[in-house]
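Inspection log for the structure reproduced underneath, given as structure tokens.
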Amino acid sequence: MANLLVRNVEIHHPRFIGFRKMAGLGPNPDNPAIHALRRKGMLGVYYDFNRGGQDFIVKGRLDDLSDTRLVPSLSRDSAVQAFVDGPVLQRAHNVLTETPQLIARARYYNTDKIDFDNLSFGLTPTDAMFFAEIKANGQWPAAASLVPFGNIPISPAAGVLNYGQGLFEGMKAYRTENGGIALFRPLDNARRAQNGAKRLGLTPVQEEIFLDAVERVVLANERFIPPYGKGALYIRPLLIGSGGIMGVAPAPENTFIVFATPVGPYFKGGLTGISLKISDEHHRAPAGGIGNVKGIGNYAPGMVPAQEAKALGFAELIYLDAQKHTYLEEAGAANIFVVMNGELYTPALSGTILPGITRDSVIELAKARGYRVHDKQRLSRELLASAEAVFVTGTAAVIAPVTSITDRGNKIIFNDGRIHPIVSDLHLELTGIQEGRIADPFGWVHALKA
Ligand code: PLP
Ligand code: COI
């Protein structure tokens, strides 16, 4: 049984690729060939065999062998037996390694129809993801292959699971007005991930490898990019200490994953304005911590407080600095801007705030549009009383207008609860550049397909 060799590959249907073995044995969970296929991300396996003079095929799902059942063999001459032997077999192997999304498609065929009209910020499994694993401080492979989107095997002692040694990024691919595909400032995400990696003892991914992985994931999942104006393909690069370790030290292996999922608005009511509340109980990041990088450990502490705030009708919490509990820092996973006397203010990057790429873009965009921008000082919570408008920025959040902020029980309403023209102007400009409606004088748009 250990010698069971997979000889042939078939594509029975665009949704199913299976390996075929002539005269073989039924799937056995301990079979090394099955393990090998599973590692390759294979979904299913077809075995030919003959019992009592009759040809059978064993159709097995590698992710669930209990589902294995016997089905009558397909005729050897059948058109569905796309691959047989020799060079054709090689071609079949190439298909499997180059287009893993075909395999994955089989697993998710029930979700083939994506409701692009009702997207929220949720997870839709897509076809392919990027996966690369190295020894810590090793060299990331220049071209690790894509694998089907799916679960990953990981040591229970992995640094990321036990000690939170991991970071993520967030980016979007947009379908542009003329049908192209565009990324927004992807190299800035690559650089931010490098800074995070250094802080967290992970092996930084070179910019070009990061970009190549992101591009390939987007193109492999092209069918999941929402039509123009209906959302975006959210891309999630993930760098983790995946090797097992007991001491509190960098894990011996690192894994870099890039997956993607179609998303709609991050904040419900994001376009009409959201209500926020200042947290007096919790902080996001202490000085000297990891607030200025996208470490995974920054996010779990905000989950329960955010749920509690949502139960009270707020979209998110605003966190103040952990030292003096006075200065505005961030609104959950978004940076904050305040408009006063027609000028823009955003908290300085004091070391506890994530240097948002949308934040930086809004600063540049606002300056180019003639607004004065103050981004080098801390902003006291007291200043909100004289604000004309507040908005938050992020890849997921885009530019979300804030119509009210509740501070110590006092609800401050901005611009009578209406969206301020400065905010709609910046929103229109930023999304216009991102979605290709407006020319990009900044060199931010990275076209993947014209
Ligand atoms: N702040 C935090 C804590 C975040 O997680 C994010 C999201 O990435 C942002 C701000 C906004 O950053 P960016 O505009 O780069 O998405
Ligand atoms: C992003 O805006 O990309 C984020 O990372 C937000 C995320 C935490 C949902």
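Coordinate-derived values only; no laboratory data. Note that the coordinates shown come from a computational prediction; the quantities given were computed from them, not determined experimentally. Because the Cβ atoms are built from the backbone with ideal geometry, glycine has one as well, and the counts that use them run over all protein chains shown.
The table below gives the values:
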| read-out | value |
| --- | --- |
| Relative contact order for the stretch 308-443, counting Cα pairs under 8 Å that sit 6 or more residues apart, in percent | 20 |
| Relative packing of peptides 420-426, 383-389 - highest average C-beta neighbours within 10 Å first | 420-426, 383-389 |
| Local electrostatic count at residue 292 - Lys and Arg +1, Asp and Glu -1, tallied over other residues with Cβ under 10 Å | +3 |
| Positive minus negative residues near residue 315 (Lys, Arg vs Asp, Glu; Cβ under 12 Å) | +2 |
| Potential extension, residue 198-residue 162 segment - 0.36 nm per residue separation minus Cα distance | 11.1 nm |
| Cβ crowding within 10 Å averaged over residues, with 297-306, 358-367, 113-122 ranked highest first | 358-367, 297-306, 113-122 |
| Residues residue 323 and residue 246, FRET efficiency given R0 of 30 Å [Cβ-Cβ distance, rounded to 0.05] | 0.35 |
